[in-house]
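These notes concern the structure reproduced below.
The values are calculated or read from the model by the stated rules, or taken from the named source; none is laboratory data. Bear in mind that the values here come from a model prediction, so they are computed numbers and not experimental data. Here the Cβ positions follow ideal geometry from the backbone for every residue, glycine too, while neighbour counts run over all protein chains shown. Note: areas computed on protein heavy atoms with side chains; ligands, DNA, RNA excluded. Shrake-Rupley method; radii C 1.70, N 1.55, O 1.52, S 1.80 Å.
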Amino acid sequence: MSPRAGNAGPHTLAFVESPVQLLNVLEWAHVHAPGAGLTLVVLSPVDPMTRGQLRRMAELAREEGYEVRWEEARGGASAPFQTIGGLMGPLRRAERIVMGDPFSRYVQLLLTITRARDLVVVDDGTATMEFVAQLARGERLERWHRRGSRPGPRDLLFAPVSSSARRRLTPGERRRVEIFSSMPIDEAPGGVTVTANDFSWTRTRFGPPRITKSADMVGTSLVETGVVDGERYIDAVRSLAKAHGARRYFAHRRESTDKLHRLAVETGLEIVRPDLPLELIARRGPVGRTILSFPSTVVHTLPLALVGTDVRVAVCDINPEWLTRTASPRAQGFLDGVTGTARDVHRLSAVRAV
């Protein structure tokens with residue numbers, strides 16, 4: 001048994017559905033090492049790229065001495081019942097619950113079962129900013145790019161569970177809530193403890209990287225989520241790559257194969273599908289001297305992971321003309337906020353898509 005697994009501290013159950021969430025649980029555990037006894041539960045998604053990154057991150061977690069429980073949570077109609085049934089015992093025994101996505105219906109349902117008094121939300125990027133703001137205002141939990149849209153039948157059916165989860169995530173006399181994040185949090189509700197994620201585990205475990213003379217680009221799934229028009233996005237990537245001499249394009253795990261193929265053909269960029277979160281890829285290197293990004297989580301996390309190196313992170317604003325007609329009314333303001341609150345980044349004006 002590893003030293004961490006044998007620690008006599010309170011037992012912690014962590015639920016993750018993406019490689020970034022798993023990375024940030026490891027960062028949280030690194031900071032809270034005395035309170036180990038951590039079991040990581042992977043609620044595996046269907047997407048092949050996400051599954052692949054999760055398996056690599058699960059290997060790293062096991063190397064660190066943590067127990068990992070892989071659940072095929074979406075592997076058929078009966079999978080949710082089997083997953084939840086198998087987790088009933090651990091959920092009721094856990095003294096602390098760590099979660100990567102409080103908007104997840106799976107996680108919200110699990111919160112109705114646990115008796116844990118300590119709840120921790122680890123960083124899930126820009127979603128964390130929106131979660132904290134909604135919790136502070138007492139609003140229903142809803143992903144930022146869906147704000148303003150009419151709730152569907154499934155949303156209405158699940159509303160009581162979501163309301164219950166929001167109440168559980170509100171601190172009280174018998175419940176402590178912590179937010180562990182690298183994102184700027186300005187309006188945390190009273191009683192919520194906010195702990196900074198400075199990527200100390202990542203910097204200790206990997207690097208420093210070899211730095212190349214060229215630039216790298218970071219992809220985004222804003223097209224796939226219906227926020228940005230696909231043609232405008234491809235034009236913008238082409239313009240940025242040409243202006244800054246970018247050679248590689250690190251794809252977001254949710255970017256479509258068709259879009260990535262077009263980017264390769266029309267921009268000449270080498271498309272890289274990372275097998276780990278970008279913070280680890282960049283820290284291991286090699287990495288470009290300049291990293292170009294659109295508004296996303298990495299404009300906050302990469303400067304922390306690469307602190308002490310000569311890498312410059314540059315972010316390009318989203319031109320309002322790129323937004324789709326179906327984009328949430330809050331999209332532009334939210335994206336501007338993501339960029340405007342980022343520290344240690346160089347801000348680029350929105351390029352003109354031609």
Exercise for the section: Report the relative contact order of the chain, percent, no decimals, based on alpha-carbon pairs under 8 angstrom and at least 6 residues apart. Expected result: 16 percent
Fill in the blank from the handout: So, with points 7 Å from each Cα along the Cβ direction, the ASP336-ALA159 label distance in nm works out to 3.2 nm
Practice task
Place a +1 charge on the Cβ of each Lys and Arg in the chain and a -1 charge on the Cβ of each Asp and Glu, then give the dipole magnitude about the Cα centre in debye, rounded to the nearest 20.
Solution key: 300 debye
Exercise for the section: Mind telling me which of THR220, THR257, THR112 comes out most flexible in a GNM of the chain, alpha-carbon contacts under 10 Å? Expected result: THR257
Practice task
Tally the DSSP beta bridges in the chain and give the antiparallel ones as a percent, rounded to 5.
Solution key: 5 percent
Problem - Label-point separation in nm, ASP198 to HIS30, each point 7 Å along Cα→Cβ - result: 1.2 nm
Fill in the blank from the handout: Simple SL model, points at 7 angstrom along Cα→Cβ for ARG69 and ARG289; separation in nm is 5.0 nm
Exercise for the section: In whole Hz, with x marking every Gly and Pro, tabulate ³J(HN,Hα) for the range 178-183 from phi via Karplus 6.51 cos²θ - 1.76 cosθ + 1.60, θ = phi - 60°. Expected result: 10, 10, 10, 8, 9, 7
Practice task
Using a 10 angstrom cutoff on alpha carbons, build the Gaussian network for the chain and name the most mobile of ALA159, ALA61, ALA29.
Solution key: ALA159
Problem - Cα gyration tensor shape for the range 264-329, rounded if a/c is under 1.5, else prolate or oblate - result: prolate
Exercise for the section: Note the full-extension length gain between ARG247 and GLU231 as 0.36 nm times their separation in residues minus their Cα-Cα distance, in nm to one decimal. Expected result: 3.7 nm
Problem - the chain, accessible surface, carbon-and-sulfur percent (1.4 angstrom probe) - result: 50 percent
Problem - Alpha carbon convex hull of the chain, volume per residue in cubic angstrom - result: 134 Å³
Problem - CD proxy at 222 nm, helix term only [per DSSP H run n ≥ 4: -39500 (n - 2.57); per residue of the chain; nearest 500] - result: -11500 deg cm²/dmol
Problem - Listed peptides 132-139, 45-52, 12-19 by packing density, highest first (mean Cβ within 10 Å) - result: 12-19, 132-139, 45-52
Exercise for the section: Would you mind getting the accessible area per residue of the chain, heavy atoms of the protein chains only, 1.4 Å probe, in Å²? Expected result: 44 Å²
